[in-house]
Amino acid sequence: MIRVVVSPEPIDVSAELERLEVTGAVATFTGLVRADDGVTMLELEHYPGATERALEVLCAEATERWALLAATVIHRIRPMTPGERIVFVGTASAHRAAALDACAFLIDRLKTDAPFWKRETRGDTHRWVDARGSDDAAAARWQG
């Protein structure tokens, strides 16, 4: 089962875990908006349709590569404040290593492969966030 959601709605981690707990092992990642360097708001935009499709392709790749029983990616879009949940990735497999590796793969790759744009607010200043080399390096470790 693959579940992809891109929405402004809050992420209910408990409900998502319940969906994933089918057998064996479940691995999850929950990302929160950080207050780095005085960030007071983070706004996320996406390319409707293309973003969901990119996430579905990543989930399908992870499901095939690690024989997953389930994969979930939920990403919020909208203005958010520090501490709010921004992303949830969950994987279920018969064995923990596969669930853990697939979860890491999905979070590393979604940061580079899915069309999201971030804008940070610090006081009265707004700026679009550039892609980070560290995100590219994390995604590259899964090539091949």
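Rule-based calculations on the coordinates, nothing more; no lab input. Because the structure is a prediction, the values reported are computed rather than measured. Note that each Cβ is placed from the backbone with ideal geometry, even for glycine, and that neighbours are counted across all protein chains shown.
Under unit Cβ charges (Lys, Arg +1; Asp, Glu -1), what dipole magnitude, rounded to 20 debye, does the stretch 2-143 have relative to its Cα centre?
With Lys and Arg at +1 and Asp and Glu at -1, about 100 debye.
Excluding residue 112 itself, what net charge comes from residues whose Cβ is under 9 Å from its Cβ, given Lys and Arg +1 and Asp and Glu -1?
In short, -2.
Evaluate the relative contact order of the stretch 54-144 (contact order divided by residue number), counting alpha-carbon pairs under 8 angstrom at least 6 apart; express in whole percent. If you can, show how the numbers build up before the last one.
Details: 102 pairs, mean separation 22.2, N = 91.
Averaging sequence separation for qualifying contacts and normalising by length gives 24 percent for the stretch 54-144.
Treating the angle as unsigned and between 0 and 90°, give the value, to the nearest 10°, between the Cα long axis of helix 50-66 and the longest Cα principal axis of the chain.
30 degrees
Using r as the Cβ-Cβ distance of residue 132 and residue 17, and R0 as 41 Å, what FRET efficiency do you calculate, to the nearest 0.05?
Efficiency, from the Cβ-Cβ distance: 0.90.
Specify the angular offset, from 0 to 90 degrees and rounded to the nearest 10, of the alpha carbon long axis of helix 96-113 from the longest principal axis of the alpha carbons in the chain.
40 degrees
With springs only between Cα atoms under 10 Å apart, run a GNM on the chain and tell me which of 37, 130, 108 wobbles the most.
37
In Å and from the alpha-carbon atoms only, list the Rg and Dmax of the stretch 63-144.
Spelled out, the Cα radius of gyration and Dmax of the stretch 63-144 are 15.1, 49 Å.
Count neighbours as other Cβ atoms within 10 Å of each site's Cβ, and list the GluC sites (Glu not before Pro) in the stretch 1-110 that are DSSP loop with at most 14 such neighbours.
Passing both the DSSP loop test and the Cβ count: 21.
Which of the trypsin sites (Lys or Arg not before Pro) found in the stretch 62-144 are in a DSSP loop and have at most 14 neighbouring Cβ atoms, other than their own, within 10 Å?
Qualifying residues, ordered by number: 132, 141.
Classify the chain as rounded, prolate or oblate from the Cα gyration tensor: take a ≥ b ≥ c as the square roots of its eigenvalues, call it rounded if a/c is under 1.5, otherwise prolate when a/b beats b/c and oblate if not.
Verdict is prolate for the chain.
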